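See below for the structure under consideration.
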Amino acid sequence: MRYYSTNGKTEMVDLREAVVKGLAADNGLFMPERIATLPTTFYGQIDKFSFQDIAFAVAQAFFGEDVGADALRTIVNETLAFDCPVVPVQANCYALELFHGPTLAFKDVGARFMARLLGHFVGQDRKQAINVLVATSGDTGSAVANGFLGVEGVNVYVLYPKGKVSAIQESQFTTLGQNITAIEVDGVFDDCQALVKQAFMDKELNEQLLLTSANSINVARFLPQAFYYFYAYAQMKKQGLQNELVFCVPSGNFGNITAALFAHRMGLPIKRFIAANNANDVFYQYLETGKYRPKPSVQTIANAMDVGNPSNFARIYDLYDGNHHTISQLIAGFSFNDDEIRATIRDCFQQTGYVLDPHGACGYKALQLSLSENEHGVFCETAHPAKFKETVDAVLPTPIDIPERLARFMQGRKQTYRMNNSFDKFKDFLLQNAPR
Ligand SMILES: *Cc1c(COP(=O)(O)O)cnc(C)c1O
């Protein structure tokens, strides 16, 4: 399979290059040149298949030409070592819980899949180790570090601002060891990002080392999220609830919902979609006006969705040839401020006993406002509420528990390299420590 750029100003590339480069040379996002429809027999029997079997069928449609069936099967099985159950919350309203992975975030699946695919490429040509650089303000670092942990031939460097990430988040990428190195930068997140960006542009570094990013726009990170929607459909079908299905996705960079739209293009029978946003409402405004106007992000309590210029908008636009009518018929939009998010967490708990996190709360609320009588609504719960414990505890009658898995990270020994924000130091560090 070849991949083209949404900017259309550069040659198509193969899967390996699309994954290692991340972004196209013309700064566009990579799109697969074909999206295969899966056979009706597959959809007819999907409720009889396991999560891994469903995901393998989907993965083959995208990666089957480039990765052998046995290797792909292993990559899929190792990625999906946990469940994503659909849980009833209220009449006609279901939560698709995407937070049962190692760091309790839905980004675990994409990170794990990408790590194993890169590991496969390195193992295949045995030429050069791959060094992954990530700057993080918290969540991405933990998902990427845990996703790549133990993958041979791939080394990860997580740069984070000293004292500016939560204790739980910090423990999730500083206590792992093995192929994961945490770099504690005396500065803010922007300093970390600037160091990573400069590294990608540095001629000498790139001559000596194979550097890549594990950015969420990478095809190997965003496409595997399509697995969720096929599996959710299968679970709904098992209960006879697959008619008039509406999927509602709390969205920031719009990678997750774009994967859902790919599933739809592959023939998954979904009636319509909802993009639920916090106060960052660029997409909502686009649906209303037909004009896409990026703006600076505003800080909210659903901070993983604080995005003012969602990168995957380019993919959605490309998927529907920029047709605003088609896009706004298929996808509805909602935007909620922090007070509305807090009230939703409180009301949902009072009425149903279900504990939402601030991101899932946007999804739940959008379904409440939009679902018609015959529709079945499924919203993504993208993070475990304990990851946002302070916010959630402040509105619920009693404090929520911290799951065992999160608590365990806290007991590990923190190991970091300290650095100021000087690029020369960072470069020396990489040249001395990163494998060729
Ligand atoms: C990343 C993230 C989102 C947003 O997902 P996108 O694919 O960027 O739209 C929503 N909720 C949580 C908890 C996240 O970590």
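The values are calculated or read from the model by the stated rules, or taken from the named source; none is laboratory data. What you see is a predicted model, and the numbers here were worked out from it, not measured in a lab. Neighbour counts run over all protein chains shown; Cβ positions are idealised from the backbone, glycine included.
Checking the conditions here, which among 283, 334 is surrounded by 16 or more Cβ atoms within 10 Å (Cβ to Cβ), of a type in the set (Phe, Trp, Tyr) and in a strand (DSSP E or B)?
Being surrounded by 16 or more Cβ atoms within 10 Å (Cβ to Cβ), of a type in the set (Phe, Trp, Tyr) and in a strand (DSSP E or B) holds for just one of 283, 334, which is 334.
Restricted to region 238-263, and to residues that are assigned to a strand (DSSP E or B) and hydrophobic (A, V, I, L, M, F, W, C), which residue is nearest to the ligand (Cβ to nearest atom)?
249
Scan 56, 99, 113 and give me the residue that is away from the ligand (no atom under 16 Å from the Cβ) and out of contact with any Gly (no Cβ under 6 Å at 6 or more places or on another chain).
None of the others qualify; the one that does is 56.
Being β-branched (Val, Ile, Thr), more than 13 Å from the ligand (Cβ to nearest atom) and not in a loop (DSSP other than H, G, I, E, B), is that true of even one residue in region 210-218?
yes
Six or more apart or on different chains, Cβ atoms under 9 Å: show the pairs whose first residue is in region 243-259 and free of Cβ contacts under 8 Å to residues at least 40 places away in the same chain and within 18 Å of residue 35 (Cβ to Cβ) and whose second is more than 8 Å from the ligand (Cβ to nearest atom) and of a type outside the set (A, V, I, L, M).
Close Cβ pairs (under 9 Å, with a partner that is more than 8 Å from the ligand (Cβ to nearest atom) and of a type outside the set (A, V, I, L, M)) amount to 259/110; 259/224; 259/227; 259/228; 259/229.
Within region 12-64, take every residue that is among the small types (Gly, Ala, Ser) and over 19 Å from the mean Cα position of the chain (by Cα) and give me the one that is nearest to residue 317 (Cα to Cα). Steps first, please.
Applying the first criterion (among the small types (Gly, Ala, Ser)) to region 12-64 yields 18, 22, 24-25, 28, 36, 44, 50, 55, 57, 59, 61, 64.
Next, from what is left, pick out any that are over 19 Å from the mean Cα position of the chain (by Cα): 24-25, 36, 44, 50, 57, 61, 64.
Working: 24: 17, 25: 19, 36: 19, 44: 30, 50: 33, 57: 26, 61: 22, 64: 26 Å.
The qualifying residue nearest to residue 317 (Cα to Cα) is 24.
Among 205, 261, which is the only one that is at pLDDT 95 or above and buried (at least 23 other Cβ atoms within 10 Å of the Cβ)? Lay out the reasoning, then the answer.
Working: 205 fails: buried (at least 23 other Cβ atoms within 10 Å of the Cβ).
Residue meeting the stated conditions: 261.
Mind telling me which of the residues 371, 396, 356 ends up being within 16 Å of the ligand (Cβ to nearest atom) and aliphatic (A, V, I, L, M)? Walk me through how you get there before you give the answer.
Values: 371 fails: within 16 Å of the ligand (Cβ to nearest atom); 396 fails: within 16 Å of the ligand (Cβ to nearest atom).
None of the other options fit; the residue is 356.
Please go through region 374-391 and give me each residue that is assigned to a helix (DSSP H, G or I) and in contact with a Lys or Arg (Cβ under 8 Å, 6 or more places away or on another chain), ordered by number.
At the first step, the residues of region 374-391 found to be assigned to a helix (DSSP H, G or I) are 385-391.
The answer is 391, and nothing else.
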